[in-house]
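Structure first, commentary second.
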Amino acid sequence: MLALLWANANAQEEEQQQEAEQLPEVVLSDSRFALKRENSGKTVVKISSEELAQNQGKTVAEVINSKSGIEIVGSRSNAGQNLGNFVRGGNNRQALVIIDGIQVSDPSAVNAEFDLRLLSLSQIESIEILKGAASTLYGNAAATAVINITTKKAKQDGISATFDSSIGTNQSQDDDNYSLTDFSNSVTISGKKDKFSALAGFGHQYTEGLSAVIGEERDPFSRINANVKLGYRFSDDLSVSVFGNFDKFRSNFDNSFPVEDAPFFSESEQLRVGISPKYVYNNGSITLNAAYNSIERATESTFPSQFDSKSFVVDLFNKYTFNSSLYTIVGVNYIQNKTEFSDEAEATTIDPYANAVYVSDFGLNINAGARLNNHSEYGTNLTYNINPSYSKDVGEGYVKVFGSYATSFIAPNLSQLFGPFGPNPDLDPETNITIEGGLEYKVNDKLRASALYFNRKEKDFIDYVILDFTTFAGEYQNIDEEFTVQGVEVEVFAQPLEKLSVNANYTFTEKQDVVTLRLPKHKINATIGYDFCEATFASLSYQYNGERTDRDFSTFSDVDLDSYGLLDLYVSHKFLKNKMKVFANVSNILNEEYTEIIGFTTRGRNVRLGLSLTL
């Protein structure tokens, strides 16, 4: 089939192709200004729309999990498995998710994190991942990473529609019947005329075939996603966009203590609506990002629960460019979180912040700023950062040296302050201090390599402390002990041939003072992509996870887990002047047997076929 596709594509390919202009790469998340990569003091990870299109059939968590410094435990298991986001050795509450400029979280959750299982990859335009402390610009929870997600919007005049559909298997290493049990469909309609633009999308996924724990019965997962985005440009200076998102999933799961099949299930439902007006004036702009977010969760198990939380987020900021060397941003961020426990609990933050970027004409760049966090329960908390870098042109590329000293904070969430288990309204925020330094070298558009070292000290860590070992009653407390995490990240992009590209990264992570469960010290990701022609693309991806430690909760003893490697294949071909694309991917080609979480199922070799049609 591949040979026929290749031959057909070569026949369709024109002899003369116009080479696209190569624009300099820019990054946004580290400063909120579109700066050239060589002027940024961070190694921001960019996941473009093209890369997302080459990962069709995967989840958002799987795509993010292929980047340096990141390990998302649960992304290789049953579709409904809870996700553990370990970024640079941190936990879920130290990584902040932002969607279209809005901080999103679940105030009722123990870690107050945002559940990536709610999102569909088909609705996302691009993702930027800013690693390291970033509380100055983004506030609470931006301690190890900011995952900045931009959803799709109407881009071209007229009306267009995109239909995506795929079907695949969902089986463990012990299965070999290749039953089609994973179905995914989505449609996006967009239009643009004069000053008005609109986009609407709907998606649905249903997956069955894996038991959550190692067992016989199946635990299905289903999700629906709906979104609307409208934009209107009143003039060259004033524009506004409004959006609405509805995401819902239902997942069956099993008993984890003891580990056994069980008819449990959980449901999570999110409604998010917002508005974003922007006014542009000479040398500057004023932007307002405001949103209301509601999340309802319910669990049916031995210990049933139900939570209803709401968030109001407002981020008002002024960006001003004094000249080609000095960029500034001044803003205020307001967040109100509410959750229904036995009574309604509420906490608010009002944070003024300021940041400045200096880009010299001799290679020196400085990014610095501060934020004054004002919390309704614990009072005030100051965070700041300074991020210098120096770049020097070398031929068609550059060499860049960069460093950073930054603080961040993780506010106690409503569950820890007022929840049903061990609440403590006197908690202080966790604080992190992160130091990092590195080097980036770009030869030309064909080769870029970077390496960095980071060291993070965690203070005032919030943990549940047992006070009565008979009843296991306790409360959340700030721990006096400090924890240190250090690591190394190496990234390489190379294009040794015109049609051949290589992306690879290596991560070393070490938490010195405490054992971190399920986090590998060594992790490698590598992807080789090849354009057989303009219409046909194929890639091989490999992921290696080193030895980890997990805890067997049936014996409360630690167990060493073996290392493993997973190999995936992706192939796509475009027809009808690129309006139709068919794709196939095979994950875990070698049917590697491995353990991600003790007692739980992992995915074996699986196949997915799909198509995308644009009209």
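Structure values in brief
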{"read-out": "Under 17 Å from the Glu475 label point (7 Å along Cα→beta-carbon), backbone N, region 413-435", "value": "413-429"}
{"read-out": "Two-decimal ratio, region 197-296, of alpha-carbon radius of gyration to 2.2 N^0.38 Å", "value": "1.65"}
{"read-out": "Span from the region 267-296 Cα centroid across to the region 468-501 one, whole angstrom", "value": "29"}
{"read-out": "Reference-scaled alpha-carbon Rg (2.2 N^0.38 Å with N residues) for region 89-175", "value": "1.40"}
{"read-out": "Entries of Lys46/Lys457; Lys278/Lys338; Lys155/Lys193 with Cα pairs more than 21 Å apart", "value": "Lys46/Lys457; Lys278/Lys338"}
{"read-out": "10 Å beta-carbon shell around Gln171, net charge (K/R +1, D/E -1)", "value": "-2"}
{"read-out": "Rounded D (µm²/s) - the chain, Kirkwood Rh over Cα pairs, Stokes-Einstein at 4 °C, 1.567 mPa s", "value": "51"}
{"read-out": "Overall dimensions of region 260-372 as given by Cα atoms, namely Rg and Dmax in Å", "value": "21.2, 65"}
{"read-out": "Residue exposure sequence - Asp351, Asp426 - by fewest surrounding Cβ within 10 Å", "value": "Asp426, Asp351"}
{"read-out": "Paramagnetic reach from Thr549 (point 7 Å along Cα→Cβ, amide N under 19 Å) across region 505-535", "value": "508-523"}
{"read-out": "P(r) histogram, all alpha-carbon pairs of region 138-209 included - 10 Å bins from 0, percent", "value": "16, 25, 22, 28, 8, 1"}
{"read-out": "Whole-number percent relative contact order across region 301-450, with pairs defined as alpha carbons under 8 Å at least 6 apart", "value": "15"}
{"read-out": "Ratio Rg/Rh, restricted to region 217-270 and using Cα atoms, in which Rh is the Kirkwood radius", "value": "1.39"}
{"read-out": "Likely footprinting exposure, Thr302, Thr507, Thr516, Thr383, fewest C-beta neighbours within 10 Å first", "value": "Thr302, Thr516, Thr507, Thr383"}
{"read-out": "Sequence-separation-based contact order of region 438-478, relative, with Cα cut under 8 Å and 6+ spacing, percent", "value": "26"}
{"read-out": "Mean projected area (nm²) of the alpha-carbon convex hull when region 84-137 is viewed from all directions", "value": "4.3"}
{"read-out": "At 0.692 mPa s and 37 °C, Stokes diffusion of region 555-615 via Kirkwood alpha-carbon radius, µm² per second", "value": "228"}
{"read-out": "Area projected by the alpha carbon convex hull of region 129-255, averaged over all directions, nm²", "value": "11.9"}
{"read-out": "Sum of -39500 (n - 2.57) over DSSP H runs of 4+, divided by residues of the chain (222 nm, nearest 500)", "value": "-1000 deg cm²/dmol"}
{"read-out": "Translational diffusion coefficient (Stokes-Einstein; Kirkwood radius from C-alpha pairs) of region 395-538 at 25 °C, 0.890 mPa s, in µm²/s", "value": "129"}
{"read-out": "If the convex hull is drawn through the Cα atoms of region 462-615, its volume per residue in Å³", "value": "188"}
{"read-out": "Principal axis box of region 429-506, alpha-carbon based, largest edge first, Å", "value": "67, 24, 16"}
{"read-out": "Cut-off 17 Å, label 7 Å out along Cα→Cβ of Val273, residues of region 293-336 by amide N", "value": "293-296, 309-314"}
{"read-out": "Aspartates and glutamates with Cα under 17 Å of Lys58, excluding same-chain neighbours fewer than 8 positions away", "value": "Glu50, Glu71, Asp115, Glu125, Asp164, Asp182, Glu208, Asp568"}
{"read-out": "Over region 347-424, volume per residue of the alpha carbon convex hull, in Å³", "value": "117"}
{"read-out": "Positive minus negative residues near Val485 (Lys, Arg vs Asp, Glu; Cβ under 14 Å)", "value": "-2"}
{"read-out": "FRET efficiency estimate (nearest 0.05) - Cβ-Cβ, Ile589 to Ala449, R0 41 angstrom", "value": "0.90"}
{"read-out": "Per residue, the convex hull volume that the Cα atoms of region 32-109 enclose (Å³)", "value": "135"}
{"read-out": "Nitroxide proxy distance, nm - points 7 Å out along Cα→Cβ at Asp236 and Asn82", "value": "5.5"}
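We did not get these values from a lab; they are worked out from the coordinates using the rules stated. Remember, predicted model here, so these are calculated numbers, not experimental data. Reconstructed Cβ throughout: ideal geometry from the backbone, glycine too, with neighbour counts over all protein chains shown.
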